[in-house]
Amino acid sequence: MNEQRIIEERKKIDIAARGYEYLLKAGLALVPIIGIWYLYHFQPQSEYLEAHSYHYLAITLVILASAFAGYISWHSYCISGDPFLRWSTVAFLGFAVIYAPQLLFVDVDETTDLIALHLFGSASRFTITLFLLIALLKHGKGDDPQEQRNNHLRWWGWMILFFVLDCIMIIIVFSTETEMHDSPKWMEAAVLVLALICLIIVLLHHRSLPLMMINALGLAWIVQSSIALMLARPWYHLWWYACMIFAAGIVVLSYAAVRVFHTTGSFSTALSQEELITRLQAEQDKVREASRQLNAANAELAWVASTDTLTGARNRRSFMEQMAVEVSRSKRSMLPFSLFAMSVDRFNSMNDQHADQVGNTVLKLLVERVTESLRPHDVIGRVGNEDFLVLLPDTSLEAGILMAERIRNRVEGLVLKDDNKMIRATVSIGIAEHSSDGDMQEDILDIANARLSIAMEQGNHIVSS
């Protein structure tokens, strides 16, 4: 009951925590709008900063960030074939190539600078948002084949197209004499619409993909930068702020591209931390289960390798290994152990008179009764058809004789019925003691077997020591 209450409480806390997490993400995405509102309403209309060196530096940095993101996205695309990465590469490289000529017109003259500022800035922003929209529409459509990924002519075709657009815009800049104080609102409005559509697609269809949510943050900032650029005039504080927001959006998008390169090489297969932990736990459970099964299989193999499958006693090899260990231990501790050589009396005659199954049953029941008489650390092994060895650690010859008599009497009560005939099983036992009868394993075995032979010669059902 307490466990169920804890689970229900955790679910409620989880819902609250996720709600708080979503609020934090939304707040982070909407931070720029606060600055836009403040600057639009409270910045002095007479103050502006026409700093061409700062502008030159800002253009250079955002072009480098975009070009690097395109290069990384291209490498990831070549590995995974993710079509989203193919069009993302085009978006980043298109922005960098189309925006680059702006550097030629910084601090030329006021009219030319403003025309280039509006033209190259709006065109490059339109390019990146357009191709990001195409990338989102192509997302999840299946990986491109290897030959398509290695087709470099396709990439050169895009580069040539962007270069031609640059040439056309350069011609327009030099051929336009009208001073442009206001940016082309329709172009920036198009950028705003495209970025907003991209953002909605990500939030509706790809919010479960963590790296896509990073893209969503970058797109949200690009949307707000377009709003600011539509409200601002060049060189005024709001315009600088809009450029900064857009540059931050590009950097965020490039960060997502780098994270894809360092993880799976595809936006489709990149997992969130929660999914990774869940899958890791599932894989750990599988590993633990496989390890348990392996240990069980190894234990079963070890049992099969060391056990006589008919009776459950140790087989000859396993018994001899255990006896060798006991010989070494007895030498160190100076404590004796006893060894029984035991055989079922008239077993061959029993098999001749009855079915083999009767003999097998006798052997199994014999081992069961002997085992019931032994201590937990005593060992019984089957070393021949009807021959057994019993190892009794820390047991003197006198104590061994008492144990042997107990076993002999215990087995004597073993009676089977076959075709209305009563079958009584008995055993003969020969006993040897380590140290008094020898220190070597072979010597003790020989003596125990010799005493077993004496017991059988004296009429069976005898303990010989």
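The values are calculated or read from the model by the stated rules, or taken from the named source; none is laboratory data. None of these values were measured; they are calculated from a predicted model. Reconstructed Cβ throughout: ideal geometry from the backbone, glycine too, with neighbour counts over all protein chains shown.
Details
- Hits in segment 434-443 - residues which are under 60 Å from the mean Cα position of the chain (by Cα) and either closer than 22 Å to Val367 by Cα or surrounded by fewer than 23 Cβ atoms within 10 Å (Cβ to Cβ) (or both): Ser435, Gly438, Asp439, Met440, Gln441, Glu442, Asp443
- Residue satisfying all of: in segment 415-461; assigned to a helix (DSSP H, G or I) and touching a helix residue (DSSP H, G or I) at 6+ places or on another chain (Cβ under 9 Å); farthest from Phe319 (Cα to Cα) among these: Ile444
- Verdict on Ile6 being surrounded by 14 or more Cβ atoms within 10 Å (Cβ to Cβ) and hydrophobic (A, V, I, L, M, F, W, C): no
- For segment 319-361, a residue qualifies if it is of a type in the set (A, V, I, L, M), within 18 Å of Leu389 (Cβ to Cβ) and touching a helix residue (DSSP H, G or I) at 6+ places or on another chain (Cβ under 9 Å), and the qualifying residues are Met320, Met323, Ala324, Val327, Leu339, Ala341, Met342, Val344.
- Screening Val367, Val379, Val362, Val411 for residues that are under 20 Å from Gln441 (Cα atoms) and among the hydrophobic types (A, V, I, L, M, F, W, C) leaves exactly one candidate, Val379.
- Helices (runs of 4 or more DSSP H) fully within segment 88-192 that include at least 1 residues being out of contact with any Ser or Thr (no Cβ under 9 Å at 6 or more places or on another chain), modelled with pLDDT under 80 and under 29 Å from Pro234 (Cα atoms): 110-138, 152-175.
- Sole exception among (1) within 30 Å of Pro44 (Cα to Cα); (2) without any contact (Cβ under 8 Å) to a residue 40 or more places away in the chain; (3) under 44 Å from the mean Cα position of the chain (by Cα) for Trp186, by number: (3)
- Qualifying residue in segment 291-306 (condition: at pLDDT 85 or above, in contact with a strand residue (DSSP E or B) (Cβ under 7 Å, 6 or more places away or on another chain) and either within 22 Å of Glu368 (Cβ to Cβ) or not in a helix (DSSP H, G or I) (or both)): no
Here is a yes/no grid of residues against (1) under 22 Å from Ala432 (Cβ atoms); (2) over 55 Å from the mean Cα position of the chain (by Cα); (3) acidic (Asp, Glu):
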site: Met334; (1), (2), (3): yes, no, no
site: Asp345; (1), (2), (3): yes, yes, yes
site: Asn348; (1), (2), (3): no, yes, no
site: Asp352; (1), (2), (3): no, yes, yes
site: Lys364; (1), (2), (3): no, no, no
site: Thr371; (1), (2), (3): yes, no, no
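- Among the residues making up segment 142-167, a single one is charged (D, E, K, R) and exposed (fewer than 11 other Cβ atoms within 10 Å of the Cβ): Glu147.
- Pairs are defined by a Cβ separation below 9 Å, a sequence spacing of at least 6 or placement on different chains, a first member in segment 200-217 that is not assigned by TED's automatic domain parsing to the domain that holds Ile128, and a second member that is modelled with pLDDT under 85; no pair meets this definition.
- Check on Ala297, closer than 30 Å to Asn360 by Cβ, in contact (Cβ under 8 Å) with a residue 12 or more places away in the chain and loosely packed, with under 11 Cβ neighbours inside 10 Å: no
For (1) more than 30 Å from Gly94 (Cβ to Cβ); (2) touching a helix residue (DSSP H, G or I) at 6+ places or on another chain (Cβ under 9 Å); (3) not β-branched (Val, Ile, Thr), each residue gets a yes or a no:
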| site | (1), (2), (3) |
| --- | --- |
| Leu217 | no, yes, yes |
| Trp221 | no, yes, yes |
| Thr264 | no, yes, no |
| Gln293 | yes, no, yes |
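- Among the residues of segment 209-237, those that are modelled with pLDDT under 85 and either surrounded by fewer than 20 Cβ atoms within 10 Å (Cβ to Cβ) or closer than 27 Å to Val260 by Cα (or both) comprise Leu209, Pro210, Leu211, Arg233, Trp235, His237.
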